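The values are calculated or read from the model by the stated rules, or taken from the named source; none is laboratory data. Everything quoted here is computed from the prediction, not taken from an experiment. All Cβ positions, glycine included, derive from the backbone under ideal geometry; neighbour counts span all protein chains shown.
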Amino acid sequence: MIRQSKKFLKIIPLGGLGEVGRNMTLFEWEGKILIVDMGLRMPEEDMPGVDYLVPNTEYLKGRAKDILGVVFTHGHYDHIGAIPYLLGRIWRPNLPIFASPLTRGIILKRQEDFPEQPVLKIYQVYDKSRIQLGPFRIEFVRMNHNIPDNLGLFIESPVGNIFHTSDFKFDKTPVNDLPTDFERLRSIASRKILLLMSDSTDAEEEGHSLSEKKILKNLEEIFKASKGRIIVATFSSLINRIQQIISLSEKYHRRVCLEGYSMRGNVEMCRVLGYIKARKGTFISSRQIERFSPSQITILGTGAQGESEAVLMRIALKEHPYIKIRKGDSVVFSSSVIPGNERTVQIMKDEILKQGARVFHYKMMDIHAGGHAKAEELKKMIRIMKPKFFLPIHGQYSMLVAHSQLAQEAGMKDKNIVVAENGDIINLSPRKIYLEKKKVPANYIMIDGLGVGDVGQVVLRDRQMLAKDGMFVIIVVVDKETGKVRTSPDIISRGFVYLRESKRMLMETRKKTIAIVERATGSGRAVNWSYIKDEIRNKIGKFLFQKTQRRPMVLPVVIEV
Ligand SMILES: [Zn+2]
């Protein structure tokens, strides 16, 4: 009996705490692990060439047999996007995976882009479905968000019941979805919640989130006012928004041209599964646009973040084969800008304005800002669930702290709230919740092209250096016999200075290089080439800094002949 009470359930967030994105959480009991979500995150501005950041799964290395299963809450990439990069690392045949029909569809659609991946068998779960994975009994609970088929998790564990909200908002008037079922939430709460894990994305925002119906009204104003074409840029996973644009287009007698690979793919998949409804003949191809008058056209594509490959950028830069911005067009950006993309988006907006279109920027239609509960709703969730303990999840550290303050306003005791970070081990028992001193690895794993984790801090530092001050290559040919430098060293530089205008500095650099080499080779001792290279790197680096106050990456190449 005493032993029993000492046992703790371990909850280990590998991503999503202290950041927006990269959501992934482990629940471990007696060495057996349940995984919830495997998301990705966009890289920071100072990570040149990095495509995505994904969670570090080192803790799971060699433990595939201990993984009971993987459960996905919804189809946004910050919850499912790391699958192609991480699943192979924890893979075993018959690994049970669970997702709602739409989430499953989005996952499988994306897997088509990664043909070397194992074929995934994903079991479909719905609102009220129940599954048993080892010691965990999970009941799925429909939650409103800005993508359909979003599921919260009611987890019965050996230490008590946990409610994981997934991303959520309360919505009494959603579009194409059922309103929040408060009765259901209350009935779950009546089964006693030991721990509530709740979405913190909008914890710093006062009041209530906008209902999808209200967002639809805002969008409709644009449709009412526009005489020309309407061009909307949004995320291809923002299914509710896409549906709203399609419905409004139909209402205002516009045809919809879907542009972009991911947009077309997602819409097609959602139509097959019944999550997007459109009349026959609503969709046209970009080649058919000219057959209609501007007031009969909506163009729906990706690129509100200024992504260089996305449709809107290609249109703005006049690189699109069929679609050019015209006077009278209305261009709608349906997302707030992810930090780091501001400048690109600004440039793109200016380009569009110069070409005569009107620009609407709707922050509240964002994938993050539009889909998440704000302060009053978050407090309401806590009041409904009446948990003993509280763990804010999904958000920057400041959002987690704001959420913990809301929990106190909703009547929770400070000591029953844990603000944790990625890699923390949260121990939970019926009486106690605490963080272990030790942590599991949770640093970023960077994805660059096909490489998973092969771009580390060293490569990144090199890229930052190259991006900031360029590079400077010095090629020295040395006579093996005499130790003398044969000809004047060659210099190649990129992104540092314009060589033709720096002749004097280059001459001095050559002279210095020859002196460094011949001092080292002239002593009659065995020649240490790596020492010579280091000397060139350090001394020439210093010299160039004195002359320019810049620090290019100096790459010495020494050739013996
Ligand atoms: Zn989401």
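Return the residues of the stretch 147-173 that are within 12 Å of the ligand (Cβ to nearest atom) and more than 16 Å from PHE72 (Cα to Cα); say none if nothing qualifies. LYS169 - this is the single residue of the stretch 147-173 that is within 12 Å of the ligand (Cβ to nearest atom) and more than 16 Å from PHE72 (Cα to Cα). If you go through the stretch 131-154 and keep only what is of a type in the set (Phe, Trp, Tyr), closer than 12 Å to ALA99 by Cα and in contact with a helix residue (DSSP H, G or I) (Cβ under 6 Å, 6 or more places away or on another chain), you end up with nothing. Only strands (runs of 3 or more DSSP E) whose full extent lies in the stretch 398-459 are considered here, and the ones with at least 1 residues that are under 22 Å from the mean Cα position of the chain (by Cα) and either closer than 30 Å to ASP51 by Cβ or β-branched (Val, Ile, Thr) (or both) are 424-428, 445-448, 451-455.
Is there a residue in the stretch 288-296 that is exposed (fewer than 14 other Cβ atoms within 10 Å of the Cβ) and either within 16 Å of the ligand (Cβ to nearest atom) or at pLDDT below 85 (or both)? Checking the stretch 288-296: not a single residue is exposed (fewer than 14 other Cβ atoms within 10 Å of the Cβ) and either within 16 Å of the ligand (Cβ to nearest atom) or at pLDDT below 85 (or both). Looking across LYS480, LYS437, one residue alone is surrounded by fewer than 13 Cβ atoms within 10 Å (Cβ to Cβ) and touching a residue at least 12 places away in the same chain (Cβ under 8 Å). It is LYS480. Is at least one residue of the stretch 35-43 surrounded by fewer than 17 Cβ atoms within 10 Å (Cβ to Cβ) and among the charged types (D, E, K, R)? Checking the stretch 35-43: not a single residue is surrounded by fewer than 17 Cβ atoms within 10 Å (Cβ to Cβ) and among the charged types (D, E, K, R). Being in a helix (DSSP H, G or I) and over 24 Å from the mean Cα position of the chain (by Cα) is the filter here; which residues of the stretch 196-214 pass it? LYS213, LYS214, listed by residue number. If you check ILE559, ILE532, which single one turns out to be more than 41 Å from the chain's Cα centre (by Cα) and assigned to a helix (DSSP H, G or I)? Of ILE559, ILE532, the one residue that is more than 41 Å from the chain's Cα centre (by Cα) and assigned to a helix (DSSP H, G or I) is ILE532.
Hey, any hits in the stretch 370-377 for a residue that's at pLDDT 95 or above and more than 16 Å from the ligand (Cβ to nearest atom)? For the stretch 370-377, residues at pLDDT 95 or above and more than 16 Å from the ligand (Cβ to nearest atom): present. Checked against (1) closer than 27 Å to PRO158 by Cβ; (2) polar (S, T, N, Q); (3) out of contact with any Leu (no Cβ under 6 Å at 6 or more places or on another chain), ASN422 passes all but condition (3). Residues that are without any contact (Cβ under 8 Å) to a residue 12 or more places away in the chain and either more than 19 Å from GLY470 (Cα to Cα) or part of a helix (DSSP H, G or I) (or both) within the stretch 494-520 comprise LEU499, ARG500, GLU501, SER502, LYS503, ARG504, MET507, LYS511, ALA515, ARG519, listed in sequence order.
Residue pairs whose Cβ atoms lie under 8 Å apart, sitting 6 or more positions apart in sequence or on different chains, and linking a residue in the stretch 352-373 that is on the phi > 0 side of the Ramachandran plot to a partner that is at pLDDT 90 or above and in a loop (DSSP other than H, G, I, E, B), are GLY356/ILE325; GLY356/ARG326; GLY356/LYS327; GLY356/GLY328; GLY356/ASP329. No other residue among ILE242, ILE231, ILE222, ILE193 is assigned to a helix (DSSP H, G or I) and touching a helix residue (DSSP H, G or I) at 6+ places or on another chain (Cβ under 8 Å) apart from ILE242. Please verify whether the stretch 88-104 includes one or more residues that are touching a Ser or Thr at 6+ places or on another chain (Cβ under 8 Å), of a type in the set (S, T, N, Q) and within 16 Å of the ligand (Cβ to nearest atom). Within the stretch 88-104, one or more residues are touching a Ser or Thr at 6+ places or on another chain (Cβ under 8 Å), of a type in the set (S, T, N, Q) and within 16 Å of the ligand (Cβ to nearest atom). From the list SER200, SER247, SER236, the lone residue that is more than 16 Å from the ligand (Cβ to nearest atom) and of a type in the set (Ser, Thr, Tyr) is SER247.
Looking at TYR85, is it within 16 Å of the ligand (Cβ to nearest atom), touching a residue at least 60 places away in the same chain (Cβ under 8 Å), touching a strand residue (DSSP E or B) at 6+ places or on another chain (Cβ under 9 Å) and aromatic (Phe, Trp, Tyr)? For TYR85, the condition - within 16 Å of the ligand (Cβ to nearest atom), touching a residue at least 60 places away in the same chain (Cβ under 8 Å), touching a strand residue (DSSP E or B) at 6+ places or on another chain (Cβ under 9 Å) and aromatic (Phe, Trp, Tyr) - is not met. Considering only residues in the stretch 118-136 that are out of contact with any Ser or Thr (no Cβ under 8 Å at 6 or more places or on another chain) and not in a loop (DSSP other than H, G, I, E, B), the one that is farthest from the ligand (Cβ to nearest atom) turns out to be GLN132. Within the stretch 300-329, restricting attention to residues that are assigned to a helix (DSSP H, G or I) and without any contact (Cβ under 8 Å) to a residue 40 or more places away in the chain, the residue that is surrounded by the fewest Cβ atoms within 10 Å (Cβ to Cβ) is ARG314. Take THR25 and tell me if it is of a type in the set (S, T, N, Q), at pLDDT 95 or above, within 16 Å of the ligand (Cβ to nearest atom) and closer than 23 Å to SER429 by Cβ. Taking the combined requirement at face value, the residue satisfies it.
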